[in-house]
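Engineer: Before we start, here is the structure in question, set down as structure tokens.
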Amino acid sequence: MVENKSEDDVVTTTTFLTAQSVRLDKAIEMIGFGKFHYYMLFICGTVYIAVSISLTSVSFIVPSAQCDFQMTSFRKGFLNGASMIGMCIGSFIWGYISDSYGRRKALIFCMLMDGLFNLVSSVSQIYSVFIFCRMMSGFGVSGCTITYAYLGEFLNAKYREKFLCWMEIFWTIGVILLPCIAWIIIPQTFRIESGFFLFRSWNLFVIICSLPSIITTCLLMLLPESPKYLLVKGKHEETLDCLRFVHRWNNKKTDQSFPVISLTLPDRISETSKGFFSGMGKSLFELITSKYKTVLAITCIMQFCVTASYYMMMLWFPELMNRLRWYETTYPSAQNKTTMCEVLSMYKVEPNALADVRCNDDIDGSVYLNILIVGVACLPLCFIVPLYVNKLGLRFFLATCLFGSGLTAVCLYYISSSMEILAFASVFEALSSTGFGLIFCVAVELFPVEYTGLAVAIGSTFGKIGSIVGNVVVGIFIDAYCIVPIVVSCSFLLFSGFLIFTLPKTIRNDSKGNEN
């Protein structure tokens, strides 16, 4: 009897809810949680795998293509930074596009751009063309942060934080897969040459690295647009169609059992401006003059500091390891341990000394293994955060990652062996990369739908500026004053950790007009 009464209550409640307009968050809860959301996580995660492979592949391309392009140290540095330049330009633009024309459309075009320009770069025979392709690839993948908004807008509050945190594991999978792919392909010695055209193993490696982006483009075409984006644009029927699509996936039922009749529209409908640049300027002005401007400023500062610190450390590690190995080989029986900064000042590669040396584009096998180890070291934290985020909260894990990576940076000064630098890199990568993802998760929660894409993209732009600043700081001080990057990196991370506690704890609603 109790069971029957409970079922009747559920039916009565559902009938009451569907007889009137309901808010979108409630409608998302009513249509159920199921396999569609796991499929969405898989597709959005695949986007992150593709981006991870695309961005980090340059670390293998630079040494293996240096002879074909006759790259000096300056040219190598410019190639390393080409993607970042493209990302710095593209982040803001893709954010506006996602808020004005749709999350799904923006993701499709940005991933397609990345895949196509990577394909073109694979057969490029001219350094300047290759640089341009890498820059345009970076421009494309800069829109990948939209995946957080896109995925989050299909989820109710119960699952949103947990699912967004699972995204980090897909980035780590990309970091793990890349050295495996490179280890198989790049050491191959085949050479296809015909006149001006030359095709070697690194060219094939670039082609394979472009395939995940092209595949994810096709998969994204099969998904619907974000229901929260559709509703904030006033597209009521399209929003219902989207929810029906999700309902069919989750419940294997016909539209007759669809529990939602009508949705409550936001008080303000966001309209797309006819002029692209005027619309982008208008959206930016509205955001920076809204009540969210303080939150935007804080998240931008955090993105700048965390990204600058990350690149000050992570792009430094291969150089640190090479110099420490040189020291260990030269002085194998040294009794007194020398600090890392002393080793760095002892070993400097002078360009003139290499002028007469035959070009060598071989990559030592230990490089692949070390990057693989660093990626695997990130896995435990990638599982821990999603499993406990609902219990402990996003801010707890974000603060832990930032304070932890900041204190880890302090330890760098006392490192004295290549094995210690590998262990340090593993811990720092795990903490800082997880912190990256959590900042995007927090941003998705703090901004309303009409501002989410633009706000996340602006923060990402500040992050790319930070990456450039970080590279400059290391380049200036690495030989003579290596303590400077360590202090700056540590300070940035600890400062960002304290900024977390200034952010509001409320999560965003369907739109500005629905706050209650």
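The values are calculated or read from the model by the stated rules, or taken from the named source; none is laboratory data. Only a predicted model underlies this, so the values are computations on that prediction, with no experimental measurement involved. Virtual Cβ from ideal backbone geometry, glycine too; neighbours counted across all protein chains shown. These accessible areas exclude ligands, DNA and RNA; they are computed on the full protein's heavy atoms, side chains included. Shrake-Rupley method; radii C 1.70, N 1.55, O 1.52, S 1.80 Å.
Engineer: Modelled label-to-label distance, Phe78 and Leu211, 7 Å Cα→beta-carbon offset: nm?
Structural biologist: Going from the Phe78 label point to the Leu211 one covers 3.2 nm.
Engineer: Amide H of Arg23: which non-local residues (sequence gap of 5 or more, or other chain) have their own amide H closer than 5 Å, using H built in the peptide plane?
Structural biologist: Thr264
Engineer: Note the per residue figure in Å³ for the convex hull of the C-alpha positions in the stretch 136-180.
Structural biologist: About 69 Å³ per residue, rounded to a whole number.
Engineer: How many percent of the alpha carbon pairs in the stretch 150-214 exceed a separation of 14 Å?
Structural biologist: The calculated P(r) of the stretch 150-214 puts 70 percent of pairs beyond 14 Å.
Engineer: Give the calculated FRET efficiency between Phe498 and Val410 to the nearest 0.05, with a Förster radius of 22 Å applied to their Cβ-Cβ distance.
Structural biologist: Efficiency computed from Cβ-Cβ geometry: 0.85.
Engineer: At Phe197 and Asp25, where each label point lies 7 Å from the Cα along Cα→Cβ, what is the point-to-point distance in nanometres?
Structural biologist: For Phe197 paired with Asp25, the spin-label model returns 5.8 nm.
Engineer: Full extension from Leu379 to Ser128: what is 0.36 nm times the residue separation minus their Cα-Cα distance, to one decimal in nm?
Structural biologist: Answer, rounded to one decimal: 86.6 nm.
Engineer: Cα centroid distance between the stretch 141-206 and the stretch 377-407, in Å?
Structural biologist: Rounded to whole Å, the Cα centres lie 23 Å apart.
Engineer: Once R0 is set to 35 Å, what does the formula 1/(1 + (r/R0)^6) return for the Cβ-Cβ distance between Cys180 and Val472, expressed as a FRET efficiency to the nearest 0.05?
Structural biologist: E between Cys180 and Val472, to the nearest 0.05, is 0.60.
Engineer: Just how much of Val367 is accessible, in Å², when a 1.4 Å probe is used and the result is rounded to the nearest 10?
Structural biologist: 60 Å²
Engineer: Enumerate the amide H contacts of Asn156 below 5 Å, restricted to partners 5 or more residues apart or on another chain; note that Pro and chain-start residues carry no placed amide H.
Structural biologist: Close amide H contacts, sequence-distant or interchain: none at all.
Engineer: With every protein chain left in place, what is the accessible area per residue of the stretch 58-116 in square angstrom, probe 1.4 Å?
Structural biologist: Result: 36 Å² per residue.
Engineer: Further, regarding this structure: Apply 1/(1 + (r/R0)^6) to the Cβ-Cβ distance of Lys158 and Ala297, taking R0 = 41 Å, and write down the FRET efficiency to the nearest 0.05.
Structural biologist: Step by step, r from the Cβ atoms, then E = 0.85.
Engineer: Across every pair of different alpha-carbon atoms, what Kirkwood hydrodynamic radius in Å does the stretch 437-481 reach?
Structural biologist: Roughly 12.2 Å, rounded to one decimal.
Engineer: Find, among the chymotrypsin sites (Phe, Trp or Tyr not before Pro) in the stretch 387-486, those assigned to loop by DSSP (not H, G, I, E, B) with at most 14 other beta-carbon atoms within 10 angstrom.
Structural biologist: The qualifying sites are Tyr481.
Engineer: Here is a further query. Simple spin-label model, 7 Å along Cα-to-Cβ: Lys105 to Ala480 in nm?
Structural biologist: 5.4 nm
Engineer: The stretch 478-501 to the stretch 77-98: how many Å between their Cα centroids?
Structural biologist: First find each Cα centre; the distance between them is then 24 Å.
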